[in-house]
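The values are calculated or read from the model by the stated rules, or taken from the named source; none is laboratory data. On a predicted model such as this, the values are computed, not experimentally measured, just so you know. Virtual Cβ from ideal backbone geometry, glycine too; neighbours counted across all protein chains shown.
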Amino acid sequence: MKVKLAQVGLPRRKNSFISLIPRWSGTEKSVSVKEFFELVESSARIGCWSEFDRIQITILKLSHVAKIFYSSNPELQKADISWENFKAKFLHRFGDVKSDQYHYMQLQTARQKKDETSRILGSVSFTDHENSP
């Protein structure tokens, strides 16, 4: 006699939600790493995926820079890595996908407002350099 999973109250894993997750490259052209993992997690909740399923599906959805990061990081490939640790590594690495040029331009175009004072970084303030010979 076969017992259906739904009859005993066990959740049934649904793989149809995999198609809702786009490939993710980790570049400026893709959604943020946070958005990507939120999409994976929401699909996992609805689809009743295990931690192992989440990791394997995420790996399948990686491309370009993100795939290279995964492939070059042995810790991410360990069989006993937890979902939270796996996700944390990606969040740390891809937390800010803006280019170096963007940050450089932000720094170059920064202006002090009238009511702002100079901030001190370490023991040197920004205004100290303007007055030095």
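The listed residues are Lys29, Lys34, and the only one of them that is within 16 Å of the chain's Cα centre (by Cα), charged (D, E, K, R), loosely packed, with under 14 Cβ neighbours inside 10 Å and not in a helix (DSSP H, G or I) turns out to be Lys29. Among the residues of the range 59-82, the ones that are in a loop (DSSP other than H, G, I, E, B) and either of a type outside the set (A, V, I, L, M) or under 18 Å from Glu41 (Cβ atoms) (or both) come to 7 in all. A count restricted to the range 90-111 and to residues that are assigned to a loop (DSSP other than H, G, I, E, B), under 18 Å from the mean Cα position of the chain (by Cα) and modelled with pLDDT of 80 or more stands at 2. Of all residue pairs spaced 6 or more apart or on separate chains, those with beta-carbon atoms under 8 Å, a first member in the range 74-89 that is of a type in the set (Val, Ile, Thr) and a second member that is crowded, with 16+ Cβ neighbours inside 10 Å and not in a loop (DSSP other than H, G, I, E, B) are Ile81/Ile55. Of all the numbered requirements in (1) at pLDDT 75 or above; (2) in a loop (DSSP other than H, G, I, E, B); (3) within 27 Å of Val65 (Cβ to Cβ), Phe86 misses one, and that requirement is (2).
Determine whether Thr127 is surrounded by 12 or more Cβ atoms within 10 Å (Cβ to Cβ), part of a helix (DSSP H, G or I) and at pLDDT below 75. When the stated conditions are applied, Thr127 passes them. The number of residues in the range 52-72 being exposed (fewer than 14 other Cβ atoms within 10 Å of the Cβ) and either of a type outside the set (Ser, Thr, Tyr) or in contact with a Leu (Cβ under 6 Å, 6 or more places away or on another chain) (or both) comes to 4.
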